[in-house]
Amino acid sequence: MTIHTHTPDLLVGGIFTVPETAGLVDAPQADVRIWVNGKKGRQQPVIENQLGLVNGKVAVSFTNLMELRFVARFSNAGVRLNEIRSIMQEARDTLEHPHPFGARIVFQTDGRRIVATITRKRGVELIYEDLKTKNFELPAIIAPCLKEDVMFDPLGNMIAWYPRKHIAPNVIVHPRFSFGKPVLQDSRIPTETLAVAVKAEGSVRAVADQFEIPEKQVREAVRFQADLRQAA
């Protein structure tokens, strides 16, 4: 059955600029612009952008952000852009889902088998089958952490992401919180707000007292923001 989606409500669907997206998925801004917009007369976009221009700037939704996570992983593994574009499009057509790489469907047995077939047909080994369990696994290019670091709704759509769980386990990106800006999970304070406050105050303890949160979470927010800047 074909799944249809509509343009998401900005209040609950998240909104991310190209620089924000590039930092989160750890990819160059120039590459992200091509993945989202393509190049006029030369290359088609890799994803189907749900938002387009917002206030005159290119923006993507949380669902698109999740797709771009996969694109970045493909790209970092050395898969050529034209192959990534073809894989994404064929997966959309075959799985009858407009954004399969932003949903649980890619991780389900049938979805993995279909994506494996598509990629192998193009000479790209992304998925292997465990002959003992007959389960399809996602190896280095699409690592298991891509599933473990996200949350799904009952329909199987990705609804939240821990983008740097290894260094910032309490930082979450959720489209319903601060328009998708990274926040601390419990307090929902944007990490950028905390990092700016520490720079202004010159003290982690002072900021922790001001926002009434543990010092370790302030440090986590600062560490997260520093990693984003390095990625961008």
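The values are calculated or read from the model by the stated rules, or taken from the named source; none is laboratory data. Just so it is clear, the structure is predicted and the values come from calculations on it, not from any experiment. Positions of Cβ are backbone-derived with ideal geometry, glycine not excepted, and every protein chain shown enters the neighbour counts.
Data for the structure
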quantity: Residues satisfying the stated conditions in region 1-28, i.e. assigned to a helix (DSSP H, G or I), surrounded by 15 or more Cβ atoms within 10 Å (Cβ to Cβ) and at pLDDT 85 or above; calculated: VAL18, GLU20, THR21, ALA22, GLY23, LEU24, VAL25
quantity: Unmet requirement for ALA160, which otherwise passes all of (1) at pLDDT 85 or above; (2) more than 28 Å from THR63 (Cα to Cα); calculated: (2)
quantity: Filter result for the condition that a residue is in contact (Cβ under 8 Å) with a residue 24 or more places away in the chain, farther than 21 Å from ASP227 by Cβ, among the aromatic types (Phe, Trp, Tyr) and not in a loop (DSSP other than H, G, I, E, B), over PHE70, PHE74; calculated: PHE74
quantity: Selection status of PRO163, within 25 Å of ASN64 (Cα to Cα), in contact with a Lys or Arg (Cβ under 6 Å, 6 or more places away or on another chain) and surrounded by 18 or more Cβ atoms within 10 Å (Cβ to Cβ); calculated: no
quantity: Any hit, region 104-113, residues being within 18 Å of the chain's Cα centre (by Cα), of a type outside the set (Val, Ile, Thr) and at pLDDT 85 or above; calculated: yes
quantity: Some residue of region 43-57 being modelled with pLDDT of 90 or more, touching a Pro at 6+ places or on another chain (Cβ under 7 Å) and under 25 Å from PRO190 (Cβ atoms); calculated: no
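Per-residue answers, yes or no, for (1) at pLDDT below 95; (2) farther than 28 Å from ALA59 by Cβ; (3) among the charged types (D, E, K, R):
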position: ASN170; (1), (2), (3): no, no, no
position: PRO175; (1), (2), (3): yes, no, no
position: PRO182; (1), (2), (3): no, no, no
position: SER187; (1), (2), (3): no, no, no
position: PRO190; (1), (2), (3): no, no, no
position: ALA208; (1), (2), (3): no, yes, no
position: ILE213; (1), (2), (3): no, yes, no
position: ARG229; (1), (2), (3): yes, no, yes
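For every residue, the table says whether it meets (1) among the acidic types (Asp, Glu); (2) within 16 Å of the chain's Cα centre (by Cα).
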{"site": "HIS166", "(1), (2)": "no, yes"}
{"site": "ARG176", "(1), (2)": "no, yes"}
{"site": "ILE189", "(1), (2)": "no, no"}
{"site": "VAL198", "(1), (2)": "no, no"}
{"site": "GLY202", "(1), (2)": "no, no"}
{"site": "GLN210", "(1), (2)": "no, no"}
{"site": "GLU215", "(1), (2)": "yes, no"}
{"site": "LEU228", "(1), (2)": "no, yes"}
